[in-house]
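J.: One structure, pasted below without further comment.
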Amino acid sequence: MPRFTSFVRLGGAALAALGLMLAATPANAAGSLRLTQIKCVETADTWDPDNPYFVVFGGNLSNPTDTKTVLVDPGLETYSGKTYNLSKTITSSSAGSVFTATVMVEQDGGRDLDSNDMAYIDTAMHNAYQLNFWSSNWAAMRDELRRQVDDALAGGPGGDDILGANYRKYGPGNTPVPMAFKEDGGDYSVQFAW
């Protein structure tokens, strides 16, 4: 029996080291991008509150084929001078970090974008990411998303208006400054977090 003592000690040490390695593994293997705050400085509508929603493109910064475009509707009416804290998941990802392009839209009389519009925008943005990934032309991705949303809204019956477009990179422990959306009479500060 004594000949196994060193093996048992080594095995115990190896297990302890493995435990330390697992505990030290960063949580960036997976995560979720969340909408955490909307601050309304001024609404786009003169008399009524705004009903904002977002079209968000996300691309894996390590894999140009891993992309997704989603519509995020916080389901609230915003008023000038009010701040809305929430935790609405935009998308989950196995990426360590993601690039996002976001278009903020104010709906009038119902949302103009439907699932067919979103499927088309998703495909167009996936293809655009393939073209811009290696050059890291992030502003072009923001502009392309805005163009896609603008084209889809042109045929919509409700007269939804774009309040602006922005882009950011997100990853574990990284919460960039809020995005500013100021257009069509509306003025917003919007925070995403990983």
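J.: To the nearest 20 Debye, how big is the dipole of the stretch 51-191 about its Cα centre, given +1 on the beta carbon of each Lys and Arg and -1 on that of each Asp and Glu? Walk me through the numbers before you get to the answer.
T.: Working: 10 positive and 18 negative charges, 146 e Å.
Roughly 700 debye for the stretch 51-191.
J.: Please give the contour-minus-distance gain from Tyr120 to Val177: 0.36 nm per residue of separation, less the Cα-Cα distance, rounded to one decimal in nm.
T.: Gain on extension, Tyr120 to Val177, equals 17.5 nm.
J.: Residue separation times 0.36 nm, minus the C-alpha to C-alpha distance between Glu77 and Ser97: what's the value? Can you show the working numbers first?
T.: Working: separation 20, 0.36 × 20 = 7.20 nm, distance 3.10 nm.
Length gained between Glu77 and Ser97: 4.1 nm.
J.: What is the magnitude of the charge dipole of the stretch 109-192 about its Cα centre, with +1 placed on the Cβ of each Lys and Arg, -1 on the Cβ of each Asp and Glu, and no other charges, expressed in debye to the nearest 20? Spell out each step's value before the answer.
T.: Values: 7 positive and 13 negative charges, 102 e Å.
Dipole of the stretch 109-192, to the nearest 20 debye: 500 debye.
J.: Give me the tail of P(r) for the stretch 74-187 as a percent: Cα-Cα pairs with distance above 24 Å.
T.: Numbers: 2007 of 6441 pairs.
Of all Cα-Cα distances in the stretch 74-187, 31 percent exceed 24 Å.
Taken together, the values in this text are just the output of simple stated rules run on the coordinates, not laboratory data. Please read all numbers here as calculations on a predicted model, not as lab measurements. For neighbour counting, all protein chains shown are included, and Cβ atoms are generated from backbone atoms with ideal geometry for every residue, glycine included.
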